[in-house]
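Step one of this worksheet: look at the structure below.
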Amino acid sequence: MVGVTVPISVDTIPLVKCAHAAAAAHTDPQIISVLRSNRTGGLQIALPDGRWVPVAPDPDSLFVNVGDSLQVLTNGRFRSVKHRVVAPAEGQQPRLSVIYFGGPAPTQRIAPLPELMREGEQSLYRDFTWAEYKKAAYKSRLGDHRLGPFELPAAEEPTSSDKHCGSNAVQLPAPAPLHVARVH
Ligand SMILES: O=C(O)CCC(=O)C(=O)O
Ligand SMILES: [Fe+2]
């Protein structure tokens, strides 16, 4: 758990999805998605090597997904994982899921939270508003990497002569490991 208060307003739009057959690979754009489904599986998440891992359906658990906006707010510490829904096999119950998408308000500026940044840490993203993100997203396809237009070039590797100047070194956050946590 990150011990900071997120100083942004969140739109609360619960979305009930019924019996949809499948969803193509994508990341959720918002800050956080909280999902509850029936006993029909189909949800899968992508590992960095491209393999797909099924998320076991459990009507007594919540599946919490990091969205693109939270990836930016944490300067890449939390990653918005790519996921998809594959259609249930013939004769299986349709998959039902109820998803709460917590997204920023349209005028909200999205940028890494200063409270989370280490001294000298470079922002991996330029500031943008949720409205700007949505405008860019509408021009892209669902599976595209939709943070691309907002990414800043990564900090340059220190040269060998800089390497001993610890206080000036820029430390990029280590990529967060993938977790599928159950919330009861
Ligand atoms: O229905 C599901 O289980 C997931 C759907 C989804 O990923 C989405 O609507 O963003
Ligand atoms: Fe999704």
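Residues in the stretch 98-119 that are under 21 Å from Ala131 (Cα atoms) and either within 15 Å of the chain's Cα centre (by Cα) or assigned to a strand (DSSP E or B) (or both): 9 in all.
Could you list all residues from the stretch 127-148 that are part of a helix (DSSP H, G or I) and within 22 Å of Gly102 (Cβ to Cβ)? Walk me through how you get there before you give the answer.
Taking the stretch 127-148 and keeping what is part of a helix (DSSP H, G or I), we get 130-138, 148.
Of everything in the stretch 127-148, those that are part of a helix (DSSP H, G or I) and within 22 Å of Gly102 (Cβ to Cβ) turn out to be Trp130, Ala131, Glu132, Tyr133, Lys134, Lys135, Ala136, Ala137, Tyr138.
Scanning the stretch 27-39 for residues that are within 10 Å of ligand 1 (Cβ to nearest atom) and buried (at least 18 other Cβ atoms within 10 Å of the Cβ) yields Thr27, Asp28, Pro29, Gln30, Ser33, Leu35, Ser37. Condition first: within 12 Å of ligand 2 (Cβ to nearest atom) and closer than 25 Å to Tyr125 by Cβ. Can you find one or more residues in the stretch 83-93 that meet it? Within the stretch 83-93 (the criterion being within 12 Å of ligand 2 (Cβ to nearest atom) and closer than 25 Å to Tyr125 by Cβ), the answer is yes, since at least one residue qualifies.
Out of curiosity, is Gln30 within 20 Å of Trp130 (Cα to Cα), in contact with a Ser or Thr (Cβ under 8 Å, 6 or more places away or on another chain) and modelled with pLDDT under 95?
Values: within 20 Å of Trp130 (Cα to Cα): yes; in contact with a Ser or Thr (Cβ under 8 Å, 6 or more places away or on another chain): yes; modelled with pLDDT under 95: yes.
In short, yes.
For the residues Leu116, Leu73, the requirement of being closer than 22 Å to Ala154 by Cα, touching a residue at least 40 places away in the same chain (Cβ under 8 Å), in contact with a Lys or Arg (Cβ under 8 Å, 6 or more places away or on another chain) and more than 16 Å from ligand 1 (Cβ to nearest atom) singles out Leu116. Of the residues making up the stretch 74-95, those that are surrounded by 17 or more Cβ atoms within 10 Å (Cβ to Cβ) and of a type outside the set (D, E, K, R) are Thr74, Asn75, Gly76, Phe78, Ser80, Val81, His83, Val85.
Conditions tested, residue by residue: (1) outside any strand (DSSP E or B); (2) within 13 Å of Val81 (Cα to Cα).
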| position | (1), (2) |
| --- | --- |
| Ala24 | no, no |
| Pro29 | yes, yes |
| Ser33 | no, yes |
| Ile45 | no, yes |
| Asp49 | yes, yes |
| Pro57 | yes, no |
| Asn65 | no, yes |
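The residues of the stretch 139-167 that are modelled with pLDDT of 80 or more and among the polar types (S, T, N, Q) amount to a single one, Ser140. Listed by first and then second residue, the pairs with beta-carbon distance under 7 Å, at least 6 apart or on different chains, first residue in the stretch 82-106 and among the hydrophobic types (A, V, I, L, M, F, W, C), second away from ligand 2 (no atom under 16 Å from the Cβ) and assigned to a strand (DSSP E or B), are Ala105/Asp11.
Of all residues in the stretch 34-43, those satisfying the criterion of being within 14 Å of ligand 2 (Cβ to nearest atom), of a type outside the set (Lys, Arg) and touching a Leu at 6+ places or on another chain (Cβ under 9 Å) are Val34, Leu35, Ser37, Leu43.
Scan Phe101, Phe128 and give me the residue that is surrounded by 18 or more Cβ atoms within 10 Å (Cβ to Cβ), among the hydrophobic types (A, V, I, L, M, F, W, C) and more than 14 Å from ligand 2 (Cβ to nearest atom).
On the way: Phe101 fails: more than 14 Å from ligand 2 (Cβ to nearest atom).
It is Phe128.
Can you name the residue in the stretch 57-70 that is of a type in the set (Asp, Glu) and away from ligand 2 (no atom under 14 Å from the Cβ) and, of all such residues, is nearest to Ala154 (Cα to Cα)? Looking at residues that are of a type in the set (Asp, Glu) and away from ligand 2 (no atom under 14 Å from the Cβ), I get Asp58. All told, Ala46 falls short of being within 15 Å of ligand 2 (Cβ to nearest atom), loosely packed, with under 15 Cβ neighbours inside 10 Å, of a type outside the set (Ser, Thr, Tyr) and farther than 15 Å from Ser97 by Cβ.
The values are calculated or read from the model by the stated rules, or taken from the named source; none is laboratory data. This structure is a prediction, so every number in the text was calculated from the model and none was measured. Here Cβ is always computed from backbone atoms with ideal geometry, including for glycine, and neighbour counts include all displayed protein chains.
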